[in-house]
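One structure is given below, encoded as structure tokens.
The values are calculated or read from the model by the stated rules, or taken from the named source; none is laboratory data. A quick note: this is a predicted structure, and the numbers were derived from the prediction, not measured. With ideal geometry, Cβ positions are generated from the backbone for all residues, glycine too; neighbour counts draw on all protein chains shown. When the accessible area is computed, the model is the full protein with side chains, heavy atoms only, and any ligands, DNA or RNA have been set aside. Shrake-Rupley method; radii C 1.70, N 1.55, O 1.52, S 1.80 Å.
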Amino acid sequence: MEIIKVKDYDAMSEAACSFMVERINRIDHPVLGLATGSTPEGLYKRLIEKYKLGEVSFKNVKSFNLDEYVGLDKNDPNSYYYFMKTKLFDHVDIFMDNVRVPNGTADDLQQECQEHENAIRAAGGIDVQLLGIGANGHIGFNEPGTPFTSRTHVVDLEESTIKANSRFFNSIEEVPTQAISMGIETIMNSKEILLLVSGESKAEALAKLLNGEVTEEVPASVLKNHPKVTIIADEAAFSAAGN
Ligand code: F6R
């Protein structure tokens, strides 16, 4: 595990951008696993800038998103599809046929999960999976207690996650209570993983990941078992880790 400590959110986003651009340019037909949320927003902004400068192209990129809320239409401003479209895809030369965000309004959610798995496999697996981390240690929407053997599945969101994500909604009642998420094993099958961590609210989760044991109670701790993980975290995120 390579750990890169940076000053703040901007420095994290900058370092993450260099990391991703290097991979996108080096890998022939890169397959990316993408995340939503506040953490990667700065990275996506910088990737758009690099694209505009002609320093990176997404025309050979395929991407798979980690998760999507159940029940939100893709045109709903709170859907993760909408997030990805407005924060990244609309601004770069990626082909929309090459992106896949789980469909949270599929009639058969189990089949949708299976199709996400099948599509990842058909693409040859994920080359680089981008992750954020929840304050409770979740990755994707894999809440504490999720089996390490899980594949893409429908999850019940924890109260703390619903609360954390309610900042994007008009009221907490509007936050969906379920999501489709890649499983832990789906994530672990990626060839390489980049975890971004910023801010004091993530400090405890990062400390548990770095200093604690590998346990399903801290989903992100599984990353210690992966051969190629890079963590880019800022000083505030390191504040509880003791290093
Ligand atoms: C998002 C995702 C989540 C977030 C995590 C952190 O696709 O899978 O695991 O990465 O909840 O969210 P932020 O970045 O908003 O703090």
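For the reader, a short list of remarks on this structure follows.
- Of the strands (runs of 3 or more DSSP E) contained entirely in segment 111-219, those carrying at least 3 residues that are closer than 21 Å to D234 by Cβ and not β-branched (V, I, T) fall at 128-131, 192-197.
- Counting the residues of segment 35-72 that are open to solvent by 20 Å² or more (accessible area, probe 1.4 Å) and aromatic (F, W, Y) gives 1.
- Selected residue [within 17 Å of the chain's Cα centre (by Cα), more than 26 Å from K228 (Cβ to Cβ) and free of Cβ contacts under 8 Å to residues at least 12 places away in the same chain] from Y69, Y82: Y82
- Matching residues in segment 175-198 - criterion: being open to solvent by 10 Å² or more (accessible area, probe 1.4 Å) and within 12 Å of the ligand (Cβ to nearest atom): S198
- Within segment 119-165, the set of residues being closer than 16 Å to L223 by Cα, among the hydroxyl-bearing types (S, T, Y) and within 12 Å of the ligand (Cβ to nearest atom) comprises just one member, T146.
- Whichever residue in segment 92-110 is away from the ligand (no atom under 16 Å from the Cβ) and in a loop (DSSP other than H, G, I, E, B) and, among such residues, is farthest from E158 (Cα to Cα): D93
Conditions (1) under 19 Å from the mean Cα position of the chain (by Cα); (2) at pLDDT below 95, marked per residue:
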{"site": "S166", "(1), (2)": "yes, yes"}
{"site": "I180", "(1), (2)": "yes, no"}
{"site": "M188", "(1), (2)": "yes, no"}
{"site": "T215", "(1), (2)": "no, no"}
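- Qualifying position, being within 15 Å of the ligand (Cβ to nearest atom) and open to solvent by 40 Å² or more (accessible area, probe 1.4 Å), among E235, E204: E204
- Any hit, segment 39-61, residues being in contact (Cβ under 8 Å) with a residue 60 or more places away in the chain, at negative phi and out of contact with any helix residue (DSSP H, G or I) (no Cβ under 6 Å at 6 or more places or on another chain): yes
- Subset of segment 70-91 (residues that are farther than 22 Å from K191 by Cβ and part of a loop (DSSP other than H, G, I, E, B)): V70, G71, L72, D73, K74, N75, D76, P77, N78, S79
- Qualifying positions in segment 73-91 - open to solvent by 20 Å² or more (accessible area, probe 1.4 Å) and hydrophobic (A, V, I, L, M, F, W, C): F83
- E185 touching an Asp or Glu at 6+ places or on another chain (Cβ under 8 Å), of a type outside the set (A, V, I, L, M) and over 23 Å from D10 (Cβ atoms): no
- Some residue of segment 10-32 being buried (at least 22 other Cβ atoms within 10 Å of the Cβ) and either modelled with pLDDT under 95 or closer than 23 Å to G104 by Cβ (or both): yes
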